[in-house]
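The values are calculated or read from the model by the stated rules, or taken from the named source; none is laboratory data. It should be emphasised that the depicted structure is a prediction, and the values quoted were computed from it without experimental measurement. Virtual Cβ from ideal backbone geometry, glycine too; neighbours counted across all protein chains shown. When the accessible area is computed, the model is the full protein with side chains, heavy atoms only, and any ligands, DNA or RNA have been set aside. Shrake-Rupley method; radii C 1.70, N 1.55, O 1.52, S 1.80 Å.
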Amino acid sequence: MQSASLARAKIQTPRFRSGLIERSELEEQLGEALTSRRLVLLVAPAGYGKTAALSRQLQRLPPGCAVAWLAADEEDDLQRLLSHLIEALEPLDPPWRLAPEALLERVAQGRLRETASALVGTLEVTEAPAGGVIVLDDLHAVSDARVFEFLNHLLEGLPQNWTLVIASRVEPPLALGRWRARREVAEFDETTLSFSRREVQALWRHA
């Protein structure tokens, strides 16, 4: 059984470490995406600074912007992932239209579209004056195909003022073509996340 401390760590937004170099171009692009796109993807191997870039920009979101963070791991199936997401949303005091226990029961019954719709309904009435951001970090660790089916349903109905952010080492198996065609997805890959020559020089000076 997972300990309470480990469970809390999964939903705790990482604190950006001070002293790291500024990456103004990347940060400007990422900051704009977090407040304007339905889906934001950061896809690159380990070591490209996905989590660091996200944690920095989350601290710079406008006041009143709601944030829910969830770090996935290899033990997460849909039911476990959703239970942690519900826990991550609790500080926002969401007015659940369907009790969280009922949501998890619907997942167990395979009613994924209905479950996603219920979550969407809750997000719509959750107080978030400057919008909201849900971050799923390390999603490459998840192998349960139902997770991605659920996320496809969630994206279909996601309220306009909410953004889903996924950080992964591989592109997630989602229906991305639809959102790319509608220009509702911002993508950050190895090229975008790589350090520029100027940033490398600044890193060496800092070191």
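For n ≥ 4 DSSP H runs only, could you compute -39500 (n - 2.57) per run for the chain, divide by its residues and tell me the 222 nm figure to the nearest 500? Don't skip to the answer; put the middle values down first.
Working: 10 runs with 96 residues, N = 207.
Using -39500 (n - 2.57) per qualifying helix, the result is -13500 deg cm²/dmol.
Between Leu41, Leu176, Leu103, which gets the highest mean-square fluctuation from a Gaussian network model of the chain, Cα cutoff 10 Å?
Highest fluctuation of the listed residues: Leu176.
Ranking request for peptides 185-193, 30-38, 58-66, 150-158: highest mean number of other beta-carbon atoms within 10 Å first, then the rest in descending order. Numbers along the way, then the final one.
Numbers: 185-193: 16.1, 30-38: 17.7, 58-66: 14.3, 150-158: 19.2.
The most tightly packed comes first, giving 150-158, 30-38, 185-193, 58-66.
Arranged from highest to lowest average of other beta-carbon atoms within 10 Å per residue, in what order do the peptides 160-168, 70-78 appear?
Values: 160-168: 19.7, 70-78: 17.7.
Per-residue mean Cβ counts within 10 Å order the peptides as 160-168, 70-78.
For the chain, modelled as a Gaussian network with Cα springs under 10 Å, which listed residue fluctuates most, Arg182, Arg23, Arg97?
Answer for the Gaussian network model of the chain: Arg182.
How many nm is it between the label spots at Glu124 and Arg183, if each spot is 7 Å from the Cα in line with the beta carbon?
2.7 nm
In the chain, carbon and sulfur make up what percent of the accessible area (probe 1.4 Å)? It would help to have the intermediate numbers written out before the result.
Numbers: 5250 of 10770 Å².
C and S atoms contribute 49 percent here.
Using 1/(1 + (r/R0)^6) with R0 = 30 angstrom and r between the beta carbons of Thr35 and Gln109, what's the FRET efficiency to the nearest 0.05?
Numbers: r = 36 Å, r/R0 = 1.19.
Taking R0 as 30 Å, the efficiency between Thr35 and Gln109 is 0.25.
If you average the sequence gap of Cα pairs under 8 Å that are 6 or more apart and divide by the length of region 16-167, what percent do you get for the contact order?
On the way: 202 pairs, mean separation 54.3, N = 152.
Averaging sequence separation for qualifying contacts and normalising by length gives 36 percent for region 16-167.
Ignoring ligands, DNA and RNA, what accessible area per residue does the chain give at 1.4 Å, in Å²? Write out the running numbers ahead of the final one.
Working: 10770 Å² over 207 residues.
I get 52 Å² per residue for the chain.
Under the rule of at least 5 residues apart or a separate chain, name every residue whose amide H is placed under 5 Å from the amide H of Gly132.
Residues meeting the criterion, in which the H sits 1.01 Å from N, are Ala66, Trp162, Thr163.
Report the normalised scattering of region 58-155 as log10 I(q)/I(0) at q = 0.10, 0.11, 0.18 Å⁻¹, calculated by the Debye formula with identical scatterers on the alpha carbons.
So the normalised log intensities work out to -0.26, -0.31, -0.84.
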